[in-house]
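Enquirer: My questions all concern the structure below.
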Amino acid sequence: MAFKYLLYPLIVLNLIACSKTSSSNSNEQVIGSTLESISPGYGEAGTLQNDLLIFDQTTRRIHHFNLTNMSLINSTPVKNPELDHYLFYFKTQDIVFDLSSGNLSIFNSARKEVSHSLKFTGMPVSVAANESLGLFIVYDNLKSTGIVKLGSNGEVSQSFVGGPLLDTGETFLAGDLNSSGKLVVSLTGGAIAVIDTAQTLAQQQWIYSKFTPNIGDITWMAPLPDNPDIFMVKSRQKVELINITTTTLIDVLDVSTMATAQLSKIKDPHLLMMENSYNPVLIYAQSNQIKTHTANIQFGKIMYSVLDIAAGEWTFVENSAETWNAAENYYYNNADYYKVSRKAKKLRLSDHLFLLNKDLISGAQIRLTNESIFTLFSATMGYAKLYNMDQYTEKEIRYFNLSYLNQ
Amino acid sequence: MTKNKSVFTRMLYLKILVSIIMLFLVYVDCLASTFVGNGGNVGDVEIQVSFHMLADIVNQLNTDEHSDFLLETLCTCPEDLKNHPMCEPLINLGKEETLFCRSFLQQNMKNIQGILRRSAKMEVHWTGSDILVKDHSYLRAADAVINWQNQVLAIDQNRFVSMRASERLFLISHEIMHFLNDSQGQKLSDIGPIGPFEGNQGGRNFINALAASLVVKSIDQGVLDSYFTVLNRSRSASRYWFDLSLGSVSTNASQNSKFTQAYIADSEIGFHFQLNPRFALGVNYRSSEETAKSVSRLWIKEKLKAYQLVLGYRFFPSDDVLTRLGQSHFLLSAGIEKLQATQNLSDSFSTLTENIAVISPLIGTRYYLASDNGLWFFAGAALLFHNYKYKYNLDQYSLPAVEVKYPGQQYRFEIGVSYGF
C-alpha cells in the first residue's frame, strides 16, 4: 500500500521529465509551420482532415488512422527509427512525408519510398506545402530550404535545395507558401522576397522579386486562407497585412505595448498577445482587416491554438500548471510540449461561453482541431481515442501495435 | 489440422496408451514372484542381507583370530544380551544341551560355509498367503519352509519384511540348518528328539538353539549393525512413489514471437505405481506461472497447468541391491500430457487474455538415486511434443489476429525428490 503512494510521485516526475516533445522549436522565424510527429489536422483551405498520421513512440513506426471509423489503415517502418520523426500528409495522392535529422522520406500510396535527390544536412524545423500544386518545402535549423515538386503519380519530378542567402546579400528570416505557389519570405533588413518556385525549380537557383515595406524585420508571416496575395506579418512592434502582389500595406496594428504569447497558423492565422499577465488579446484578419478580441479571462500557458473565424470559436490547449511569462520569448504551437496538467478548451467568441473544458491525458500525444481531440495513449500495445466535441461521443481503437511488437 | 483430425489423433494416442497398460497388467503378479531375490521384489534386500549376515558371522567364526574364543562361547548368551529375544532359545538350555549345540556348530561350521556359498543358486519363492506345513497329523502355519532337495526356499513375504533384522537372520539360519546332517546322516528335522534335545519338539528346539547362537554372535560381533545402512536405504521395490520436482522448460519458441518465453520454470507433483519391478503407471500434475517483460511496459504472464498419464519402464545399471547404485535406476517413460495454458498481455491501459488446451505425447527419463528411509533424489529430462498458439482475435478493431506460437518440441529438465513405500 505504502509503495503505491511512493510510486505516484515518481510517475508524475517521470512524465514531467519526459513530457517535452522533441519538436520544441519556436514558430517564429521559420518558413511555414513547425513540425510535429502528428500530421496537421487541417488541409488546404482549412479543411478538416479525416486521416491522421502519427509517429508512434513505442513501435517507432508511422501509423495511419482513419478517423471516420477509427481504424488503422496501415503502418510504415521508417529509416533510423531511433530518431525523432515528423510527418506531413497529402490526402489526394495519399503521400506521406517523413522528416528526421538530415533525411526526407516520401512514401507513396503503397507506402513504398519514392526516390528523390533532396539532401539537407540540418535538423528539419518547419514545412510549407501546397497539395494541389504538389509542392513541399522543408526548412532546417541551418536555414537551408528544400523544395520538392510531385508529379501526378506521386513521383518527385523536381527538387531544389538552397541556402538562405540571396544574391542581394540578405538572408531569410521567416516565410510561407501561398495557394498560388509563391514562396514569400522576409529578409534581414526588412525586405520581402516573393520566390517563384516553378522557376526556381527549373533554373536551380532562387528566382524572386523583392520589395521593402519599411516595417522593420518581419519574424512571422502567414498567408490569409481566403486571399493568397495577402499575408499577415509580425514585426517587432507591429502586426500588418501586406499585399505581396501590389506590395502595399493594407492594415497595421501597433502591438508595442503587448508581449507575444502565441503565434499560430492553424485554421485561421492568428496571434495571441498579452496586454498584461491576465489579459490575452487575439489578433486575426477578417475581411482584409486586422481584428482584435480581448478575452478578459485568466489563462495558464497556451500551448496550442486553433482559431475558426467563421464559426467564431477559439480552441486551445492550456497548461494549467504553467503560467505565461512575458520574459519567455519562445513561441511554440505544440499541444505535446508539456504532457501534464493540460486542458482542452473551446471558447465561443461572441459571448465567451466555454463549449469545451476537458482534461487531457497526461503523457499522451494529442491532436486538436476545433471539432475533435485525438489522443494517442502511451500504451505499449496501442490505444487511441477520438473525442468529438460537438456530439460528445468517443471512439477508440486498441492493440494496433501488437502485431509489430510480436515480430 | 482440422478440429476432427486433432480429436482423432488425441483419441489414437489414448487408445495406444491404454492398450499398452492393459497388456502389462495381464502380467502383473502383485504379490508372488519367482525372481531370485534380485531386488525387484519387496524383501529381496532383506533376504540378501540375512544371507550376507549369516555368511559374515560364519566366516568370522571360521577365520577370525579370536575364533577359538568365539567358538567356545557358542550356544550361550553374553551378559549384556541376556534379555534379548534371540537369547530365549539359549537361556534355558541345560549343560548337556549347550555342549551338544556348541559341538554341532563347531563341527559343521565349514559345512554351513559351503551351504551358504551354494545358496546363490537357491530359489526364493515369496508368498502372500500363509505357509502351512504338516506337523505329524496337523497343519501349522510357518513363516518359511525350505525344500533342500529342490533348493527352494518359500517365505511369507509380509511376515518376513515386517520382522526385525535379528528375527530374519534367525529364520534364515533356522532354514539353513535343515541342510545339515545329524550323526545318522539324516537332514536335521524339526520333529523328534535329537541328542539331549528330547521330545517331539526336540529337533525344533535344537535347530532354534543353533540359529539363535549364530544370531547372538552376529549381534555381539557387530555384524547386524554393519548392515544398518543397507537396510535403511530406500528400496526400488517400493510400489508407491510420490514425486516432487522443479523444472525448466525450454520452449524453442523465442524466434517466432517476442511474446513467447524461451524458458518457463515449473513445479511438478506426481505419483507412480510399480505394476511390477519393471513397469510403472504414473500420473503427474505440472504447473507454472511466469511473468516477463517483453518490451518497455508490456507484461506477458503465462499460467500453465498440465496433467500427465505415463507408462514407465525401469532400467537398473547395477544389479547389486545391497548398494546405493544397485537400488538407483532409470525410469524411462512415455505418455500423454494435457496442457491448459492462459496468456495475458498487458500494458498500463489494456489486457488481452487467451487460453489454449492441447493433448500431446511426451517421452522422458529420470534417474532415481537412492537415499535412506524411502527418500530418493532424481534428475530427469523430458521431450514434450506440444505445438500450440495463442490467437488474439482483434476483429473488434478491424485489425488482423495476432498469433503467439509455441511450435515444435519443448524440452523439460528437472530435479526432484521422491518418496517410495
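The values are calculated or read from the model by the stated rules, or taken from the named source; none is laboratory data. Computed from a predicted model, the values in this text were never measured in an experiment. Heads up, the Cβs are rebuilt from the backbone with ideal geometry, glycines too, and the neighbour counts pull from every protein chain shown. Protein only, heavy atoms only, side chains kept; ligands, DNA and RNA dropped before computing areas. Shrake-Rupley method; radii C 1.70, N 1.55, O 1.52, S 1.80 Å.
Enquirer: Checking A:Phe354 against (1) more than 14 Å from every other protein chain (Cβ to nearest Cβ); (2) more than 30 Å from A:Lys291 (Cα to Cα); (3) open to solvent by 40 Å² or more (accessible area, probe 1.4 Å); (4) aromatic (Phe, Trp, Tyr), which test does it fail?
Expert: Going through the list (1) more than 14 Å from every other protein chain (Cβ to nearest Cβ); (2) more than 30 Å from A:Lys291 (Cα to Cα); (3) open to solvent by 40 Å² or more (accessible area, probe 1.4 Å); (4) aromatic (Phe, Trp, Tyr), A:Phe354 breaks only (2).
Enquirer: Here's a follow-up. Working only within segment A:209-247, note down all residues that are under 20 Å from A:Asp196 (Cβ atoms) and of a type in the set (Lys, Arg).
Expert: Once the filter is applied, which keeps residues that are under 20 Å from A:Asp196 (Cβ atoms) and of a type in the set (Lys, Arg), segment A:209-247 yields only A:Lys210.
Enquirer: I would also like to ask the following. Residues in segment A:208-223: is at least one of a type in the set (Phe, Trp, Tyr) and open to solvent by 10 Å² or more (accessible area, probe 1.4 Å)?
Expert: Yes, because at least one residue in segment A:208-223 is of a type in the set (Phe, Trp, Tyr) and open to solvent by 10 Å² or more (accessible area, probe 1.4 Å).
Enquirer: Still on this structure, I have one more. Would you mention how many residues in segment A:335-351 are assigned to a loop (DSSP other than H, G, I, E, B), open to solvent by 10 Å² or more (accessible area, probe 1.4 Å) and within 25 Å of A:Gln57 (Cα to Cα)?
Expert: Residues in segment A:335-351 being assigned to a loop (DSSP other than H, G, I, E, B), open to solvent by 10 Å² or more (accessible area, probe 1.4 Å) and within 25 Å of A:Gln57 (Cα to Cα): 5 in total.
Enquirer: Of all residues in segment A:376-402, which are buried (at least 18 other Cβ atoms within 10 Å of the Cβ) and more than 25 Å from B:Thr353 (Cβ to Cβ)?
Expert: A:Leu386, A:Tyr387, A:Met389, listed by residue number.
Enquirer: Another question about this same structure. Go through (1) surrounded by fewer than 20 Cβ atoms within 10 Å (Cβ to Cβ); (2) within 14 Å of another protein chain (Cβ to nearest Cβ); (3) modelled with pLDDT under 95 one by one and return the number of the condition A:Leu405 breaks.
Expert: Among (1) surrounded by fewer than 20 Cβ atoms within 10 Å (Cβ to Cβ); (2) within 14 Å of another protein chain (Cβ to nearest Cβ); (3) modelled with pLDDT under 95, A:Leu405 violates only (1).
Enquirer: Follow-up. Closer than 23 Å to B:Ser318 by Cα and of a type in the set (Phe, Trp, Tyr): which single residue out of B:Tyr367, B:Tyr406, B:Tyr392, B:Tyr411 fits that description?
Expert: On the way: B:Tyr406 fails: closer than 23 Å to B:Ser318 by Cα; B:Tyr392 fails: closer than 23 Å to B:Ser318 by Cα; B:Tyr411 fails: closer than 23 Å to B:Ser318 by Cα.
One residue alone meets the criteria, B:Tyr367.
Enquirer: Let me ask another. Can you tell me which of (1) open to solvent by 10 Å² or more (accessible area, probe 1.4 Å); (2) over 21 Å from the mean Cα position of the chain (by Cα) is the one A:Glu313 doesn't meet?
Expert: (2)
Enquirer: Looking at segment A:139-160 only, could you name the residues that are in a strand (DSSP E or B) and either among the charged types (D, E, K, R) or within 18 Å of A:Leu183 (Cα to Cα) (or both)?
Expert: The answer is A:Tyr139, A:Asp140, A:Thr145, A:Gly146, A:Ile147, A:Val148, A:Lys149, A:Leu150, A:Gln158, A:Ser159, A:Phe160.
Enquirer: Could I ask something else about it? Hey, B:Phe197 hits all of (1) touching a strand residue (DSSP E or B) at 6+ places or on another chain (Cβ under 7 Å); (2) touching a residue at least 12 places away in the same chain (Cβ under 8 Å); (3) farther than 19 Å from B:Gln113 by Cα but one; which does it fall short on?
Expert: (1)
Enquirer: Applying the selection to segment A:267-316, what residues are in contact (Cβ under 8 Å) with a residue 40 or more places away in the chain, of a type in the set (Phe, Trp, Tyr) and assigned to a loop (DSSP other than H, G, I, E, B)?
Expert: none
Enquirer: Go through B:Gly202, B:Gly247 for me and flag whichever is small (Gly, Ala, Ser) and farther than 30 Å from B:Pro277 by Cβ.
Expert: B:Gly202
Enquirer: Next question, about the same structure. Tally the residues that are touching a strand residue (DSSP E or B) at 6+ places or on another chain (Cβ under 9 Å) and either in a loop (DSSP other than H, G, I, E, B) or more than 14 Å from chain B (Cβ to nearest Cβ) (or both), restricting the search to segment A:384-402. So that I can check it myself, show each step before the final result.
Expert: Step one: filter segment A:384-402 for residues touching a strand residue (DSSP E or B) at 6+ places or on another chain (Cβ under 9 Å), giving A:384-390, A:393-402.
Restricting the remaining residues to those that are either in a loop (DSSP other than H, G, I, E, B) or more than 14 Å from chain B (Cβ to nearest Cβ) (or both) gives A:387-390, A:393-394, A:399-401.
Selection size over segment A:384-402: 9.
Enquirer: Then there is this: Read through the list (1) in contact with a helix residue (DSSP H, G or I) (Cβ under 8 Å, 6 or more places away or on another chain); (2) open to solvent by less than 60 Å² (accessible area, probe 1.4 Å), then give the number of the only condition that A:Gly154 fails.
Expert: Unmet for A:Gly154, out of (1) in contact with a helix residue (DSSP H, G or I) (Cβ under 8 Å, 6 or more places away or on another chain); (2) open to solvent by less than 60 Å² (accessible area, probe 1.4 Å): (1).
Enquirer: Pick from B:Lys405, B:Lys391: which is more than 27 Å from the chain's Cα centre (by Cα), under 16 Å from B:Leu304 (Cβ atoms) and basic (Lys, Arg)?
Expert: Only one candidate qualifies: B:Lys405.
Enquirer: Still on this structure, I have one more. Tally the residues that are outside any helix (DSSP H, G or I), hydrophobic (A, V, I, L, M, F, W, C) and over 27 Å from the mean Cα position of the chain (by Cα), restricting the search to segment B:154-199. Even if it seems obvious, please write down each step before you answer.
Expert: The initial filter retains those residues of segment B:154-199 that are outside any helix (DSSP H, G or I), namely B:154-156, B:163-164, B:178-199.
If we keep only those that are hydrophobic (A, V, I, L, M, F, W, C) as well, we get B:154-155, B:163, B:179-180, B:188, B:191, B:194, B:197.
Cutting the leftovers down to over 27 Å from the mean Cα position of the chain (by Cα) gives us B:179-180, B:188, B:191, B:194, B:197.
Residues that pass the stated criteria total 6.
Enquirer: Identify the residue in segment A:68-81 that is within 14 Å of chain B (Cβ to nearest Cβ) and not polar (S, T, N, Q) and, among all such residues, is most open to solvent (accessible area, probe 1.4 Å).
Expert: Across segment A:68-81, the extreme among qualifying residues is A:Ile73.
Enquirer: Confirm whether A:Leu52 is aliphatic (A, V, I, L, M) and not in a strand (DSSP E or B).
Expert: No; evaluated as a whole, the condition is false for this residue.
Enquirer: Continuing with the same structure: Can you tell me how many residues in segment A:53-67 are modelled with pLDDT under 95 and within 12 Å of chain B (Cβ to nearest Cβ)?
Expert: Within segment A:53-67, residues that are modelled with pLDDT under 95 and within 12 Å of chain B (Cβ to nearest Cβ) number 4.
Enquirer: Could you tell me how many of the residues in segment B:169-194 are free of Cβ contacts under 8 Å to residues at least 24 places away in the same chain and either touching an Asp or Glu at 6+ places or on another chain (Cβ under 9 Å) or surrounded by 14 or more Cβ atoms within 10 Å (Cβ to Cβ) (or both)?
Expert: Residues flagged as free of Cβ contacts under 8 Å to residues at least 24 places away in the same chain and either touching an Asp or Glu at 6+ places or on another chain (Cβ under 9 Å) or surrounded by 14 or more Cβ atoms within 10 Å (Cβ to Cβ) (or both) within segment B:169-194 amount to 6.
Enquirer: A follow-up question, please. Check A:Ala321 against each of (1) closer than 30 Å to B:Arg297 by Cβ; (2) in contact with a Lys or Arg (Cβ under 8 Å, 6 or more places away or on another chain); (3) surrounded by fewer than 20 Cβ atoms within 10 Å (Cβ to Cβ) and name the one condition it does not meet.
Expert: Looking at each condition in turn, A:Ala321 falls short on (2).
Enquirer: Name every residue in segment B:296-342 that is small (Gly, Ala, Ser) and under 20 Å from B:Arg239 (Cα atoms), in order of residue number.
Expert: Once the filter is applied, which keeps residues that are small (Gly, Ala, Ser) and under 20 Å from B:Arg239 (Cα atoms), segment B:296-342 yields B:Gly312, B:Ser318, B:Gly326, B:Ser328, B:Ser333, B:Ala334, B:Gly335.
Enquirer: Scan segment A:376-383 and give yes if some residue there is within 14 Å of chain B (Cβ to nearest Cβ) and at positive phi, otherwise no.
Expert: yes
Enquirer: Find all pairs meeting these conditions: Cβ atoms under 9 angstrom apart; at least six residues apart or on different chains; first residue within segment A:388-407 and under 24 Å from A:Ile62 (Cβ atoms); second residue of a type in the set (Lys, Arg) and open to solvent by 60 Å² or more (accessible area, probe 1.4 Å).
Expert: Every condition considered, the pairs that remain are A:Leu405/B:Lys258; A:Asn406/B:Lys258; A:Gln407/B:Lys258.
Enquirer: Of the residues in segment A:178-204, how many are open to solvent by 10 Å² or more (accessible area, probe 1.4 Å) and either under 19 Å from A:Asp140 (Cα atoms) or among the charged types (D, E, K, R) (or both)?
Expert: 4
Enquirer: Also, I was wondering about something else. Can you spot a residue in segment B:254-264 that is at pLDDT below 85 and in contact with a Lys or Arg (Cβ under 9 Å, 6 or more places away or on another chain)?
Expert: Taking every residue of segment B:254-264 in turn, at least one turns out to be at pLDDT below 85 and in contact with a Lys or Arg (Cβ under 9 Å, 6 or more places away or on another chain).
Enquirer: Sticking with this structure for a sec: Check A:Lys343 against each of (1) touching a strand residue (DSSP E or B) at 6+ places or on another chain (Cβ under 9 Å); (2) without any contact (Cβ under 8 Å) to a residue 24 or more places away in the chain and name the one condition it does not meet.
Expert: It is condition (2) that A:Lys343 fails.
Enquirer: Can you list the strands (runs of 3 or more DSSP E) found entirely within segment A:175-241 that contain at least 1 residues being among the acidic types (Asp, Glu)?
Expert: Per the criteria, A:192-196, A:227-235.
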